[in-house]
Amino acid sequence: MSDATIDTAPSTGAKVDGYLGWRANRRPAPAFAHLLGVVAGAFAVVAMVAFVAAIDDQDPQVAGTIGSLLLIALALALGAFVRGPMRAAGTTAIVLSLPLLWI
């Protein structure tokens, strides 16, 4: 878990809080769990590629397209409804599976 930074001084305005605003100054620092989420997203893409290669070794184009679209839809839903490391996993899965969809 990551520790949150708590500011006990009252805020007097956006100019006192800096350029990025009060939320950027008070948000919790990224933790190691987010990095593990990124690795999990990459493993999901690798697992999908291995699964498609195993089920159809002659012409994996249709199976790869369906697998990529399912993975992108799952990652979009995960990113929309869940925060934290799971959103990092979803973002990584989208970033890595979109080029596979076009290849």
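The values are calculated or read from the model by the stated rules, or taken from the named source; none is laboratory data. Remember, it's a predicted structure, so these values are computed and weren't measured experimentally. Every residue, glycine as well, gets a Cβ built from its backbone with ideal geometry; the counts of neighbours run over all protein chains shown. Just the protein is used for accessible areas: all its heavy atoms, side chains included, with ligands, DNA and RNA removed. Shrake-Rupley method; radii C 1.70, N 1.55, O 1.52, S 1.80 Å.
From the set of residues in the stretch 83-103 that are assigned to a loop (DSSP other than H, G, I, E, B) and open to solvent by 70 Å² or more (accessible area, probe 1.4 Å), which is farthest from ALA31 (Cα to Cα)?
Among those residues, the one meeting the criterion is ILE103.
Can you name every residue in the stretch 46-82 that is under 14 Å from ILE103 (Cα atoms) and of a type in the set (Val, Ile, Thr)?
VAL49, VAL52, VAL62, THR65, ILE66
Taking the stretch 71-103, which residues are more than 11 Å from the chain's Cα centre (by Cα) and touching a residue at least 40 places away in the same chain (Cβ under 8 Å)?
Correct list: SER97, LEU100.
Select from the stretch 57-75 the residues that are hydrophobic (A, V, I, L, M, F, W, C) and open to solvent by less than 100 Å² (accessible area, probe 1.4 Å) and list them in ascending order.
Answer for the stretch 57-75, where residues must be hydrophobic (A, V, I, L, M, F, W, C) and open to solvent by less than 100 Å² (accessible area, probe 1.4 Å): VAL62, ALA63, ILE66, LEU69, LEU71, ILE72, ALA73, ALA75.
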